[in-house]
1. Taking A:I406 as the residue in question, decide whether it is on the phi < 0 side of the Ramachandran plot and under 15 Å from the mean Cα position of the chain (by Cα).
2. Which numbered condition in (1) within 11 Å of chain A (Cβ to nearest Cβ); (2) closer than 22 Å to B:N148 by Cα is the only one that B:C105 fails?
3. Considering B:T22, B:T36, B:T68, B:T89, which residue is under 16 Å from B:P205 (Cβ atoms), among the β-branched types (V, I, T), surrounded by 15 or more Cβ atoms within 10 Å (Cβ to Cβ) and within 14 Å of chain A (Cβ to nearest Cβ)?
4. Specify the residue that is farthest from the other protein chains (Cβ to nearest Cβ); the eligible residues are those in segment B:161-177 that are in contact (Cβ under 8 Å) with a residue 40 or more places away in the chain and in contact with a Gly (Cβ under 8 Å, 6 or more places away or on another chain).
5. Of all residues in segment A:456-479, which are more than 12 Å from A:P510 (Cα to Cα), more than 7 Å from every other protein chain (Cβ to nearest Cβ) and open to solvent by 10 Å² or more (accessible area, probe 1.4 Å)?
6. Select from segment B:144-153 the residues that are within 20 Å of A:G472 (Cβ to Cβ) and open to solvent by 20 Å² or more (accessible area, probe 1.4 Å) and list them in ascending order.
7. Which ones in segment B:109-138 are within 13 Å of chain A (Cβ to nearest Cβ) and open to solvent by 40 Å² or more (accessible area, probe 1.4 Å)?
8. Out of segment A:480-525, which residues are part of a loop (DSSP other than H, G, I, E, B), hydrophobic (A, V, I, L, M, F, W, C) and open to solvent by 10 Å² or more (accessible area, probe 1.4 Å)?
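The values are calculated or read from the model by the stated rules, or taken from the named source; none is laboratory data. Because the structure is predicted, anything quoted here is derived from the model rather than measured. Methodologically, a virtual Cβ is constructed for each residue, glycine included, from the backbone with ideal geometry; neighbour enumeration extends over all protein chains shown. Accessible surface is based on the protein model in full, side chains and every heavy atom, while ligands, DNA and RNA are left aside. Shrake-Rupley method; radii C 1.70, N 1.55, O 1.52, S 1.80 Å.
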Amino acid sequence: MTPEELRELAEKRRAQLKQPRCRLNVCLAAGCQSCAGDSVFKAIKQQIEARKLDGVQVRGVGCLGLCAEGPLVLVEPSGLLYQRVKPEDAGELLDALEGAPLKRLECPTDVPFFRAQKKIVLENAGVIDPENLEDYLAAKGYEGLIRALTDMTPADVIAEVTTSGLRGRGGGGYPTGLKWSTVAKSKGAKKYVICNGDEGDPGAFMDRAVLESDPHRVIEGMIIAAYAVGAQHGYAYIRAEYPLAVKRMQNAIKQAQKAGLLGDGILGTSFSFNMEVRLGAGAFVCGEETALIASIEGKRGQPRPRPPFPAESGLWGYPTLINNVETFANIPPILRHGGAWYAAIGTEKSKGTKVFALAGRVKNTGLIEVPMGITLREIIFDIGGGIPDGKKFKAVQTGGPSGGCIPEQYLDMPVDYDSLARVGSIMGSGGMIVMDETSCMVDVAKFFMDFCKAESCGKCVPCRAGTDQMHGILTKICNGEATLDDLALLERLCDVVKNTSLCGLGQTAPNPVLSTLKYFRDEYLAHIVDKRCPAGVCKIKAPAEVHA
Amino acid sequence: MSESILTLSIDGKDVSAVAGQTILEVARENGIAIPTLCYLQGLTPVGACRMCLVEVKGVPKLLPACVTRAAEGMEVTTQTPRLQEYRRTIVELLFAERNHVCAVCVSNNHCELQDLARRVGMNHVRVPYRYPRLGVDATHPRFAVDHNRCVLCGRCVRVCDEIEGAHTWDFMGRGIECRVITDMNQPWGSSETCTSCGKCVHVCPTGTLTEKGRAAAEMKKRLQFLPYLTLMREARP
């Protein structure tokens, strides 16, 4: 297909979308599906057919954000949002299209949860049908690719990405433009582009939502990247625990291939690129780029020491570009609006927006996208609606097992890569777990250590044996059986595991322990010295009677 | 090529290297001892045991000497108190991980782990022993594997794959549950890929892989064959 044909298709679809009087967008992302979103979709469809309602359409869409109140239904063009919809509400919903909104199910959208967000990556989530290429085209999809392939050289594309100031959204925050230019400069008979969709942080579902809601955006980002670095083949590595994301990505790849957006001579140019989905078998360490590469090669998913970095020697020894789902999803709008537009959003060193999965003890759990530099307080108390049940805020955990717990005193800190690092946490891929006074911080540290211990690949000694020992000590502390010597040993092991482990998993595994020790040491001491759990979470056994 | 010779310093000593050589190779050439466990000349280095970590000036992270290439002007330190403390703790973690009671081990006095413990000054273990109950597989007519002694260095896996070409050995499980296995985790004696060459036994640094019929302290490992076999393999047209 040529760019003109593609634009014609987009125009046609836009006109089509205007036709119906109104449309009901039912969220069919994993969150809403888990509470019967698909039954709601079917019920509405049946009702429309039974009533022979002309000009009323129902569509399955991606994530609408407020997962806590799902299943969600968005009505267009009125913009009404309905929450906690049940299949039996379908009739009433359709009745309400003509008259007053259905108050019982109405979800107020004039609240900070919606107003304080800025959507770039998620601009199409909940708005387009993720299984329909034309829907994506109608929303200006593939415009960025057309611009890149027809107006720009690969060097221009890299310059645009560099100008945007985009940093890797997988957690490390490495400048994307710099990574791209390194791969572009690397010499190799072949080059590869890999999308890291192996999201495994507890409480995180940003990548899943993007893949489920707008898969073409990720594909477009990958094609642009491939053009910029000179790659011919790509892999979207997605964890098998995300069946819906896998299905939608595979479906989108097929559509893109059919439309000539993937394959030989893309958009009538001489540039060729194709891609496929690879399933991750559920190992957290496979998010680490060298382990991910080993996994794609069909080997055991274990990391190897770097250098050589994948940019120089990656998949099957060829130069390889690896970016996270959200990073690629940022590329199409950057190409559409220009790098300078993107760089104007966010803070000086952290540009653009960040998608967070807001979870834990907060009223509005769900998926949010906010400009960098917003404070934690705004995220948790305005967007998140604060702590439920009149409880007191205690800490927020960011960055998953590699991150740390941030206490109340830093709530007014801007959220950006450097500020988070300064208080002993990280941006990570964007999991954000809010904890209130009912959380025991030692128990939280134990939870993350249990995760790291179970997910360690076992290759290097400090990570394999060290995390197990640390978990043992944390268990002892939680059970009220530990001594101050155990605490000293725990701190010593934190130091060893952090500094001697082979890959990021081990190097960051002690972070939740270190940050809780830094800000909540009194809780550790209460368990060890007073044999009590201040939050009442840990079941400390009564001290055994001493027999003389 | 004139640029292929580098100079660097290791522990304050100026040394030269050919481009592509690792810090470990250069150090050993110059009589500077860096402890290793998973490394074995002739096998692909994997940087897994972390014993050979060194400090390089200007690099915040510790680097494994076995896989880090020497570079012009590099200033390497191999024996700081910090490194020594880390090495000792890592050896302690290994001793606590499984069962390494030297007195009842066939490899007693011929064991690299034992040597290592002595070298890093480990006089006792400061972390709790885990005492897992792991099996012994003595189904092979000539050899036996005692998983209780395994340090997961992967030398057996690599020698079987890279030198013998059989790939009988591999890993299964992850983290602390990780284990070496033969074929699809079946008894060694029933392995259809094992050629019974015994290379794995002789590259094993501990008493994990042994020849049957040896009493304690008799099981001497013969590592000499490996550089020879590698040389012969590389010399093949």
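1. Considered against the rule, which asks whether it is on the phi < 0 side of the Ramachandran plot and under 15 Å from the mean Cα position of the chain (by Cα), A:I406 comes out as no.
2. (1)
3. B:T36
4. If we take residues in segment B:161-177 being in contact (Cβ under 8 Å) with a residue 40 or more places away in the chain and in contact with a Gly (Cβ under 8 Å, 6 or more places away or on another chain), then B:I163 is farthest from the other protein chains (Cβ to nearest Cβ).
5. Passing the criteria: A:T475, A:K476, A:N479.
6. Answer for segment B:144-153, where residues must be within 20 Å of A:G472 (Cβ to Cβ) and open to solvent by 20 Å² or more (accessible area, probe 1.4 Å): just B:N148.
7. B:R126, B:P128, B:Y129, B:R130, B:Y131 - these are the residues of segment B:109-138 that are within 13 Å of chain A (Cβ to nearest Cβ) and open to solvent by 40 Å² or more (accessible area, probe 1.4 Å).
8. Once the filter is applied, which keeps residues that are part of a loop (DSSP other than H, G, I, E, B), hydrophobic (A, V, I, L, M, F, W, C) and open to solvent by 10 Å² or more (accessible area, probe 1.4 Å), segment A:480-525 yields A:L502, A:C503, A:F520.
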